[in-house]
Structure formats: C-alpha cells, structure tokens
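Engineer: Let me give you the structure first, and then I'll get to my questions.
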Amino acid sequence: MMGVEILQNENLKKHCTWRIGGNAEFFAKARSINDIKTLLKFDKNATILGNGSNVLINDNGIKGLTIKLELDEIKEYTRFVEVEAGVKLPYLASYYYKSGYGNLTFASGIPATVGGAIKSNAGAHGSSIGENIVWVEVLRDGKVVRLDNSECGFGYRISGFQKKDIVLKAAIKKIKQDKSDILEKTQNFMQYRRATQPGGFSAGSVFKAALLPCNAQFFTNIVRADVPILPKHETASGRMSPSAPTSTSTSPPNIKHNNSSFLIPHSSLNSPIPAGLLIDKCGLKGTRIGGTIISQKHANFILNIDNASSKDVLDLIDLIKEKVYNNFGLTLNEEIIKLGEF
Ligand SMILES: Cc1cc2nc3c(=O)[nH]c(=O)nc-3n(C[C@H](O)[C@H](O)[C@H](O)COP(=O)(O)OP(=O)(O)OC[C@H]3O[C@@H](n4cnc5c(N)ncnc54)[C@H](O)[C@@H]3O)c2cc1C
C-alpha cells in the first residue's frame, strides 16, 4: 500500500507498557489522517493503539489490522494549542511548561498519547484532560467530525465518543502561568508519583475508584480504624439498611468489613474511594499469580515481573474482585481495556 507499510504477525508486547500479549495479524503505523483513511480501506474494523499504556492484549493476539497512531503535529493558535492524537502527554506537558502554560502539569507522568488520554479522559492530581479540551476532531464513518467539549461526554475516566470513533486531534486550552510555579507543581507531582507508584511493566491503575454507597471519608475511617462509627442499628436517616450495598444503591446502605456490618449515613452517596486502598485492606499486596504480582508500593498496580500472560493478569483480577466483594460488598470495575478476543 502506497506510503504505509503493513507488517504481518507483529509482536505486540513491545507496543504496550505491560509487555503482555500475542501478535497483531496485521500491523501499521499511521503518521497522518490520510494514512489512517488508507489503512481503514484495508480493514474498516481495525484496532487502534495509542501508547498501549492502558491495554491488556490477549495472549492470542489481535485479529485483523492494528493501527498504531503516531500523528504528532503541534500548532499554536491564539486561544488554544492544536495537538494531533499521537503526541505523548509527557512531551506535551513539557511543551506547555516551556511555553509558560500551566494547565497540563497533571499530565507529565501519564505515559499516554493525546488520543488515548482523550478516549479515557485520563487524569491525575484532581485534573483531567477533558476539562482542558476546547474541541476534538474524530474520524467517524469515514468523515472528519469536530465535537465541542460539551459533545464529548467526558466523565470520570470515560468519554462519550462512539465505539469506532478515532480521535485525530484536539484543541487544548492554554492558560498562562508563572514558569517557576509550573515547574514546582510538576516536580511535586512527579515526586509524589515516584513515592507512591512502582516502576516496571504495568498498565497503571487496573481498577477505577469504587463509587461508594456512602461518604468516602466515613468509609475510609471504618477501613483505616477497623472500628464501627455508628451503632449497628442506627443510620443517619434512622432506618435499618435492608440490603448489601451496590455501587448504584440509593437505599440506606450498610458496609461489610472484617465480618462486621456497618450502617452508614444516607448523605453524600456515590463518593469515590481508591481501589488500591480496598485491595490493600484485603491483604493482597505481593500476591503473585504466574508472572504477575500485585505491587507492594501501590495495590492497584499489577506488575509483569516474569514473562506474564494475559491469563495471569485476568486470574489476578478475578481474585482481587472476589476478595474486595467478600470483604466490603463492593464490585470493582476495570479501568484497563482488553484488546483481542477475550
Ligand atoms: C505507569 C503508568 C501510570 C499511569 N498513570 C495514569 C494516571 O495518572 N491517570 C490516568 O488516567 N491514566 C494513567 N495511566 C493509564 C494510561 O496512561 C491512560 O489510560 C492513557 O489514557 C492511555 O493512553 P494510550 O495512548 O496509552 O492508550 P492505549 O492504551 O493505546 O489505548 C487505550 C484505549 O484507547 C483507544 N485509543 C487509543 N488511542 C485512540 C485514538 N486516537 N482514538 C480512539 N481510540 C483510541 C484504544 O483502542 C484502547 O481502547 C497510567 C499508565 C501507566 C503505565
């Protein structure tokens, strides 16, 4: 095919940060929108890959064509910076610092492409890419469509793009700030990451924060202190809880912990609590299956320490979900995306 090389049986381990997975039946790198359009003629259902930092690729690989997006142009305009989907977030964060724009400091430690980050509304330290977007251009049914921020459906680690939309580029806000403040903030964030997250082969956090049927601080107090806060027969609303909590429950809920049940106030439902805290409190840090291990440093990270398979990861995920459910009555949902036929 003119200008775009298509490889066969490309090993996908080297295209994802977990270093797990089989081969792509066909594989190509796209460096322009025209490349993508050309490649979609070869396989209209092609799988899209950014930097592979949030994916679990099946040991059996991916059928059809996998397209790795490497479009990397950055253009300055008065109100925003126009950035193509393949630009890496740490590079963009450093571009923002050099230009004196302070609104992407949170992104410096996220090993994503702009396209992948927009698809999952990546974020950290209380900020996310979604809140910095002016518009996004996607390839939808062969046509380039521009969507304003309000049409992108950004939420906690989600966006509302259609399943087959390919993010091509985005206009990202630029907010002037003192360079020394930007540097200080970035250094603090990076230091925090180094202190709390492990190095090695991972896909970052495996699970999303759990949405609690109660106030997060209240729950954290229970988990950390291992003591009941309210007597079992009382709730803030004065009613007994009839059922085990679910993440969508709106009835007065109770929480299970250490074989005890705690009734909780009815206010502040659905506040998020870090999945890592729940996994840690189940005593799972250091648990190993096959070539994978739950990090001692951060319980929401599963590390590939010895030629792990996707099955090893899935087995560990199942174990974590079961233990967290049995201990807390909460169902964890994966943040990572599975690619290939699972
Ligand atoms: C060490 C480490 C730390 C991390 N820290 C954070 C963090 O702080 N916050 C956070 O949110 N995430 C974090 N992550 C996870 C990850 O970086 C993000 O989820 C990121 O958004 C994934 O981007 P990517 O380019 O790697 O996407 P990929 O992993 O390549 O793809 C993810 C999904 O997006 C799709 N996709 C990719 N590009 C496009 C596109 N252009 N158009 C349409 N679909 C596309 C893919 O098909 C796939 O379904 C971390 C990961 C690691 C390894």
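The values are calculated or read from the model by the stated rules, or taken from the named source; none is laboratory data. The model shown is predicted, which means the values in this text are computed figures rather than measured ones. No Cβ is skipped: glycine too gets one built from the backbone with ideal geometry, and neighbour counts run over all protein chains shown.
Engineer: Sort through Gly204, Gly155, Gly200, Gly238 and tell me the only one that's exposed (fewer than 12 other Cβ atoms within 10 Å of the Cβ) and modelled with pLDDT of 65 or more.
Structural biologist: Going through Gly204, Gly155, Gly200, Gly238 in turn, just one is exposed (fewer than 12 other Cβ atoms within 10 Å of the Cβ) and modelled with pLDDT of 65 or more: Gly155.
Engineer: Let me ask another. Show me the strands (runs of 3 or more DSSP E) found entirely inside the stretch 1-117 where at least 3 residues are of a type in the set (A, V, I, L, M).
Structural biologist: Passing ranges, in order: 23-30, 55-57, 62-69.
Engineer: While we're looking at this one, here's another question. From Lys169, Lys164, which residue is within 15 Å of the ligand (Cβ to nearest atom), over 18 Å from the mean Cα position of the chain (by Cα) and assigned to a loop (DSSP other than H, G, I, E, B)?
Structural biologist: Lys164
Engineer: Hey, can you tell me all the residues within the stretch 54-77 that are in contact (Cβ under 8 Å) with a residue 60 or more places away in the chain, closer than 26 Å to Glu335 by Cα and out of contact with any Ser or Thr (no Cβ under 8 Å at 6 or more places or on another chain)?
Structural biologist: Residues satisfying the conditions are Val55, Asn60, Gly61, Lys63.
Engineer: When the stretch 8-27 is examined, which residues are found to be within 13 Å of the ligand (Cβ to nearest atom) and more than 22 Å from the chain's Cα centre (by Cα)?
Structural biologist: Residue satisfying the conditions is Ala24 alone.
Engineer: Now for a different question. Mind checking whether some residue in the stretch 78-96 is more than 14 Å from the ligand (Cβ to nearest atom) and buried (at least 24 other Cβ atoms within 10 Å of the Cβ)?
Structural biologist: Taking every residue of the stretch 78-96 in turn, at least one turns out to be more than 14 Å from the ligand (Cβ to nearest atom) and buried (at least 24 other Cβ atoms within 10 Å of the Cβ).
Engineer: How many of the residues in the stretch 172-203 are among the charged types (D, E, K, R) and in a strand (DSSP E or B)?
Structural biologist: Adding up the residues that qualify gives 2.
Engineer: Against the conditions (1) touching a Ser or Thr at 6+ places or on another chain (Cβ under 8 Å); (2) assigned by TED's automatic domain parsing to the domain that holds Tyr101, where does Phe80 fall short? Just the number, please.
Structural biologist: For Phe80, the exception is condition (1).
Engineer: Turning to a different aspect of this structure: Working carefully through the options Val144, Val138, find the one that is in contact with an Asp or Glu (Cβ under 9 Å, 6 or more places away or on another chain) and closer than 19 Å to Tyr77 by Cβ.
Structural biologist: Testing whether each residue is in contact with an Asp or Glu (Cβ under 9 Å, 6 or more places away or on another chain) and closer than 19 Å to Tyr77 by Cβ leaves just Val144.
Engineer: Something else about it: Select, from Lys63, Lys44, Lys68, Lys75, the only residue that is within 14 Å of the ligand (Cβ to nearest atom) and surrounded by fewer than 22 Cβ atoms within 10 Å (Cβ to Cβ).
Structural biologist: Exactly one residue qualifies, and that residue is Lys68.
Engineer: Given Ala107, Ala117, which one is in contact with a Pro (Cβ under 8 Å, 6 or more places away or on another chain) and within 11 Å of the ligand (Cβ to nearest atom)?
Structural biologist: Selected residue: Ala107, the only one of Ala107, Ala117 that is in contact with a Pro (Cβ under 8 Å, 6 or more places away or on another chain) and within 11 Å of the ligand (Cβ to nearest atom).
Engineer: Which condition does Lys37 not pass, out of (1) closer than 24 Å to Asp141 by Cβ; (2) more than 15 Å from the ligand (Cβ to nearest atom), if it passes all the others?
Structural biologist: Going through the list (1) closer than 24 Å to Asp141 by Cβ; (2) more than 15 Å from the ligand (Cβ to nearest atom), Lys37 breaks only (2).
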